[in-house]
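**Q** If you scroll down you'll find the structure; I have some questions about it.
Taken together, the values in this text are just the output of simple stated rules run on the coordinates, not laboratory data. Computed from a prediction, not measured in an experiment: that's the story for all the values here. Note that we place each Cβ from the backbone using ideal geometry, even for glycine, and neighbour counts take in every protein chain shown.
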Amino acid sequence: MAAGSDKGGKGGKRTTAKRDIATRVSHAGRDRKLTLGGVNPVVQRASTVVVESASKLFEPGGWTYGRHGTATHEALKQALCEIEGSTHCVLAPSGLMACIVPFLAFATPGSHVLVGDNVYGPTRRFVDRMLSRWGVEATYFDHTIGAGIAGLMRQQTKLVFVESPGSMTFEIADAPAIAATARAVGAISVMDNTWSGGVYHKPLQLGFDISVQANTKYVSGGADALSGAMHSDDDKVYAQLKDTIADLGSNVGPDDAYAVLRGARSLALRMEQHEKAGLEIARWLDAHTAVQRVLHPALESDPFHALWKRDFTGASGLFSIVLKKAPTERVHAFLDALELFSLGFSYGGFESLAIHCDPQLKRTAGKPHFGGPLIRLSVGLENAGDLIADLDQALSAL
């Protein structure tokens with residue numbers, strides 16, 4: 001059965017396009033050959049897969065070896081396609097791997113890639129440390145470039161990589177303009193769509209060739225599994241991604257696949273809570289005397305609000321704040337005073353997190369001037385009032 005298709009119990013195959021995402025994800029990947037009659041798929045731990053006959057040993061697309069996936073992985077891919085609204089899905093063992101495989105699939109020695117200046121730090125490190133070794137030149141572009149990216153295109157440009165919003169500074173890119181420009185010159189366009197969880201933003205519908213999701217974050221929601229996914233509606237792009245990750249010998253373990261699928265079932269509901277609490281807290285912080293600025297595109301005062309409103313249908317619980325000028329030791333005192341916000345990387349889990357962004361903020365296309373310490377907050381599933389009280393008492397340490 002093709003990834004993204006769905007059979008809904010006794011009625012057989014059903015038309016799902018008009019159903020809400022929560023309904024579609026709840027029922028995806030539940031064909032009896034995947035679940036063996038249970039509600040959830042089996043956790044199939046397998047390296048060797050025994051086939052029915054000699055003719056099936058080399059059958060294209062079949063389950064012939066554990067590295068290429070099992071029933072557990074197939075069920076997950078079907079659910080993820082429903083979330084992203086995609087035709088095809090390729091799994092990766094982490095969000096970072098999902099970000100870098102498109103570079104490996106489409107960039108070649110002597111080629112050129114364009115990368116948003118505000119991308120996920122580990123993606124940038126891969127481009128700087130690895131791609132350059134293989135003779136691929138990268139140009140970083142300002143997030144506000146829009147259709148102006150045409151001026152950076154070269155004959156050798158093979159791929160354009162965008163993250164929107166940027167996961168520390170939350171700029172929204174003009175996605176349709178960038179995608180259209182890339183398509184006009186034959187370059188593959190890739191969007192890191194992790195901030196939206198795949199629920200509130202559909203890059204493929206805006207013209208992108210590939211949408212990347214770090215399932216580790218919102219999709220899983222449990223802070224206990226590593227996984228990524230690459231989505232595409234293009235058959236040739238999908239085949240290239242699938243072949244590349246197979247050649248790398250890289251796949252998601254069945255237990256992580258199961259954990260991500262279990263989390264995905266409640267994603268739509270959780271995203272509603274992340275959005276609601278995140279906005280309540282962002283608005284409270286926007287009025288706090290210790291806070292200079294809140295970087296959250298869903299706030300009406302945010303400079304990227306119009307683009308967000310045009311291209312997104314909602315917001316997650318991840319945003320940043322710029323504090324009034326303070327020495328590093330006072331910033332650390334604020335962070336250390338937090339009781340409900342843990343200090344840690346990643347986001348999208350049930351637990352609220354905070355990090356100091358300044359030490360890892362790297363830009364080359366432009367130099368952001370925030371005028372104060374930059375703190376990123378990931379609002380979890382705790383009570384918003386309790387989180388506000390925690391921030392209030394910690395801000396007094398500044």
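**Q** Quick one: give the max-minus-min coordinate of the C-alpha atoms of the range 319-398 along each principal axis, largest first, in Å.
**A** For the range 319-398, the Cα extents along the three principal axes come out at 38, 27, 16 Å.
**Q** Can you sort Lys202, Lys18 by how many other beta carbons sit within 10 Å, fewest first?
**A** Ranking Lys202, Lys18 by Cβ neighbours within 10 Å, fewest first, gives Lys18, Lys202.
**Q** Now, a different point. For Lys33, give me every one of the lysines with a C-alpha distance below 21 angstrom, ignoring sequence neighbours fewer than eight places off in its own chain.
**A** Leaving aside lysines fewer than 8 places away in the same chain, those within reach of Lys33 are Lys7, Lys10, Lys13, Lys56, Lys77.
**Q** Using the Cα centre of the chain as origin and beta-carbon charges of +1 (Lys, Arg) and -1 (Asp, Glu), tell me which of Ala105, Val49, Ala354 is placed farthest towards the positive end of the dipole.
**A** Val49
**Q** Going Cα to Cα from Lys367, which aspartates and glutamates come in below 16 Å? Please leave out same-chain ones fewer than 8 positions away.
**A** Excluding near neighbours in sequence, the set is Asp117, Asp142, Glu171, Asp358.
**Q** Cα-based Rg of the range 122-203 per 2.2 N^0.38 Å, rounded to two decimals?
**A** Computed over Cα atoms of the range 122-203, the ratio equals 1.10.
**Q** Also, quick follow-up: Hey, got the dipole for the chain? About the Cα centre, +1 on K and R Cβ, -1 on D and E Cβ, debye to the nearest 20?
**A** Numbers: 40 positive and 41 negative charges, 179 e Å.
Dipole size: approximately 860 debye.
**Q** Could you go through the range 223-229 in sequence order and give the Karplus-derived ³J(HN,Hα) for each residue, using 6.51 cos²θ - 1.76 cosθ + 1.60 with θ = phi - 60°, rounded to whole Hz, and x for Gly and Pro?
**A** Here the 3J(HN,Hα) series is 6, 9, 8, 10, 5, x, 8 Hz.
**Q** Still on this model: Roughly how many Å is it from the Cα centre of the range 347-386 to that of the range 277-295, as a whole number?
**A** Using only Cα atoms to place each centre, the spacing works out to 12 Å.
**Q** At most 14 other Cβ atoms within 10 Å and a DSSP loop assignment: could you name the GluC sites (Glu not before Pro) in the range 270-358 that fit?
**A** Hits after loop and neighbour filter: Glu300, Glu339.
**Q** Mind counting lysine pairs for me in the range 188-336? Cα separation below 24 Å, and the two need to be 8 or more apart along the chain or on different chains.
**A** Close lysine pairs found across the range 188-336: 9.
**Q** Charges only on Cβ, +1 for Lys and Arg, -1 for Asp and Glu: so what's the dipole of the range 69-145 about the Cα centre, in debye to the nearest 20?
**A** Charge dipole, the range 69-145, about its Cα centre: 280 debye, nearest 20.
**Q** In percent, what relative contact order does the range 285-341 have, based on Cα pairs under 8 Å that are 6 or more apart in sequence?
**A** About 35 percent, as a whole number.
**Q** In addition: Got the relative contact order for the range 267-395 handy, in percent, Cα pairs under 8 Å and 6 or more residues apart?
**A** Relative contact order here is 29 percent.
**Q** Sorting check: for 85-98, 116-129, which peptide has the highest mean count of neighbouring beta carbons within 10 Å, and how do the rest follow?
**A** 85-98, 116-129
**Q** Take every Cα-Cα distance within the range 267-395, group them into 10 Å bins from 0 onward, and report for each bin the whole-number percent of pairs it holds.
**A** That works out to 12, 45, 36, 7, 0, in percent per bin.
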